[in-house]
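Notes follow the structure.
The values are calculated or read from the model by the stated rules, or taken from the named source; none is laboratory data. Just so you know, these numbers come straight off a predicted model, no measurement behind them. Neighbour counts are summed over all protein chains in view; Cβ atoms, including those assigned to glycine, are modelled from backbone coordinates with ideal geometry. The protein model used for the area step is the full one, side chains on, heavy atoms only, and it has no ligands, DNA or RNA in it. Shrake-Rupley method; radii C 1.70, N 1.55, O 1.52, S 1.80 Å.
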Amino acid sequence: MTLPGPPLWLLAELTYRCPLHCVFCYNPVDFAAHEQELSTEDWLRTLREARELGAVQCGFSGGEPMLRADLEILVAEAHRLGYYTNLLTSGVGLTEKRARILRSAGLDHIQLSLQDSTREMNDFLSHTRTFDLKQRCARIIKEHGWPMVLNVVMHRLNIDHIGRIIEMADQLGAEYVELANSQYYSWAELNREHLLPTREQLQRAEAVTNEWRERLGERMKLFFVVPDYYETRPKKCMNGWGNVFLTITPDGTALPCHTARMLPGLAFPNVRDMSLREIWYDSEGFNRYRGTGWMKEPCRSCPEKEKDYGGCRCQAYMLAGDPAAADPVCDKSALHHVVTEAVERAQKGLLETRPLIFRTPDESRRLLART
């Protein structure tokens, strides 16, 4: 077997603590069961080991990474090691003082999340009063010379506001805006019936985005990501399992993607117990779905298997009950109807009567108690 290349992209999930309670959060639903966080020394060693393996980009995320008091120390070490560093933040905690320190530490890039174009919807979707704070953070980012990169998770509740969202991004001086339609994992999967847009909503939103592309020209790059449920072929999830992407969770568990811990029958190693070299090359968790040897039909004989690697293993597990099955997003899957039925429900507006479930520690513990 040919050895895989190095983990080029390291995602350091520093904490699951977060002041926001977004209904589409990709943190695991059981995050309350993983409260122990790596120490500063553990993170520094992990950064060094990943760089030695060949990682070139490091993203600091959470939860909210600004809640870690040692963030500036970790950023400075990552910069010293030669990483391109990226902070993914809600903006909570990004004061003028911390921005100066992070700039001096060598932070290359900040990606600021927004929920909507109005205070009412932003604060409803995040279950917080953070709209004005995010506006201030955007100004701080611009004043310190970082690229202005905004991320807005799109879904049924805000997709019709996409024109106003882009207009707000332009007013804030954004250079890059990712309009990423929610993918249905973790908290978004729990709330899917409320969040999955109709086909008409998607088509209108994409048309509006294209109109803004023409209007803005080179001033702003707009990226519009369609939800998997409206595709007939799955994405090459994380560019292939254990191929270029390495996530370290707050408690030190190493994963090939940020949701892989949900998969049954896999024991993922911890950086406290194994070196990253052993984890990446030798661990069963990282080798289970590498390449194509693990595939069942119809993936095994599919001429596109090297293109999409059978799609997402987590999505296959959630929708088909089998991590080794074809991703049901693919219309060659025998269970593709699970996806089309969900889309049909969205088209008809058949929403569940239960309310949205907001991401909170109490809600996480409640859901854990039910399993």
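Count, please, the residues in region 231-254 that happen to be without any contact (Cβ under 8 Å) to a residue 12 or more places away in the chain and either of a type in the set (Gly, Ala, Ser) or more than 26 Å from residue 333 (Cβ to Cβ) (or both).
Qualifying residue count for the region: 0.
Could we say that residue 97 is in a helix (DSSP H, G or I) and either open to solvent by 30 Å² or more (accessible area, probe 1.4 Å) or touching a Pro at 6+ places or on another chain (Cβ under 8 Å) (or both) here?
yes
How many residues are of a type in the set (S, T, N, Q), farther than 18 Å from residue 319 by Cβ and surrounded by fewer than 23 Cβ atoms within 10 Å (Cβ to Cβ) if we restrict to region 230-271?
4
Specify the residue that is modelled with the highest pLDDT; the eligible residues are those in region 354-371 that are within 23 Å of residue 227 (Cβ to Cβ) and open to solvent by 60 Å² or more (accessible area, probe 1.4 Å).
My answer is 355.
Looking at the structure I just gave you, is residue 340 farther than 30 Å from residue 125 by Cα and either open to solvent by less than 80 Å² (accessible area, probe 1.4 Å) or not charged (D, E, K, R) (or both)?
no
Just give me the residues in region 115-156 being within 22 Å of the chain's Cα centre (by Cα), part of a loop (DSSP other than H, G, I, E, B) and either farther than 22 Å from residue 359 by Cβ or of a type in the set (Ser, Thr, Tyr) (or both), in sequence order.
Hits for region 115-156 are 117, 128, 130, 146, 147.
Does region 343-352 include one or more residues that are modelled with pLDDT of 95 or more, touching a helix residue (DSSP H, G or I) at 6+ places or on another chain (Cβ under 8 Å) and not in a helix (DSSP H, G or I)?
The answer is no; no qualifying residue exists.
Which members of region 63-94 meet the condition of being assigned to a loop (DSSP other than H, G, I, E, B), under 16 Å from residue 148 (Cα atoms) and among the hydrophobic types (A, V, I, L, M, F, W, C)?
Once the filter is applied, which keeps residues that are assigned to a loop (DSSP other than H, G, I, E, B), under 16 Å from residue 148 (Cα atoms) and among the hydrophobic types (A, V, I, L, M, F, W, C), region 63-94 yields only 94.
Taking the condition hydroxyl-bearing (Ser, Thr, Tyr), within 30 Å of residue 15 (Cα to Cα) and either open to solvent by less than 20 Å² (accessible area, probe 1.4 Å) or at pLDDT 95 or above (or both), does residue 209 pass?
No, not satisfied.
All but one of (1) of a type in the set (A, V, I, L, M); (2) in a strand (DSSP E or B); (3) closer than 30 Å to residue 347 by Cβ hold for residue 112; state the number of the condition that does not hold.
(3)
Might you check whether a residue that is open to solvent by 30 Å² or more (accessible area, probe 1.4 Å), farther than 19 Å from residue 166 by Cα and at pLDDT 95 or above occurs anywhere in region 131-139?
no
Quick check on my filter: what residues within region 157-191 are part of a helix (DSSP H, G or I), surrounded by fewer than 17 Cβ atoms within 10 Å (Cβ to Cβ) and among the small types (Gly, Ala, Ser)?
Selection gives 163 alone.
Within region 19-55, restricting attention to residues that are hydroxyl-bearing (Ser, Thr, Tyr) and in a helix (DSSP H, G or I), which residue is most open to solvent (accessible area, probe 1.4 Å)?
Looking at the filtered set, the residue picked out is 40.
List every residue pair whose Cβ atoms sit under 9 Å apart, with the two residues 6 or more apart in sequence or on different chains, where the first one lies in region 70-88 and is more than 15 Å from residue 104 (Cβ to Cβ) and the second, anywhere, is of a type in the set (D, E, K, R) and part of a loop (DSSP other than H, G, I, E, B).
These pairs meet every condition: 83/108; 84/108; 86/108.
I need the full set of residues from region 289-327 which are open to solvent by 50 Å² or more (accessible area, probe 1.4 Å), part of a loop (DSSP other than H, G, I, E, B) and under 15 Å from residue 263 (Cα atoms), in order please.
Hit for region 289-327 is 321, nothing else.
Do we have residue 143 as in contact with a Pro (Cβ under 6 Å, 6 or more places away or on another chain), open to solvent by 40 Å² or more (accessible area, probe 1.4 Å), modelled with pLDDT of 95 or more and not hydroxyl-bearing (Ser, Thr, Tyr) here?
no
Per-residue answers, yes or no, for (1) among the basic types (Lys, Arg); (2) surrounded by 20 or more Cβ atoms within 10 Å (Cβ to Cβ); (3) touching a Gly at 6+ places or on another chain (Cβ under 9 Å):
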{"residue": "225", "(1), (2), (3)": "no, no, no"}
{"residue": "228", "(1), (2), (3)": "no, yes, yes"}
{"residue": "276", "(1), (2), (3)": "no, yes, no"}
{"residue": "286", "(1), (2), (3)": "no, yes, yes"}
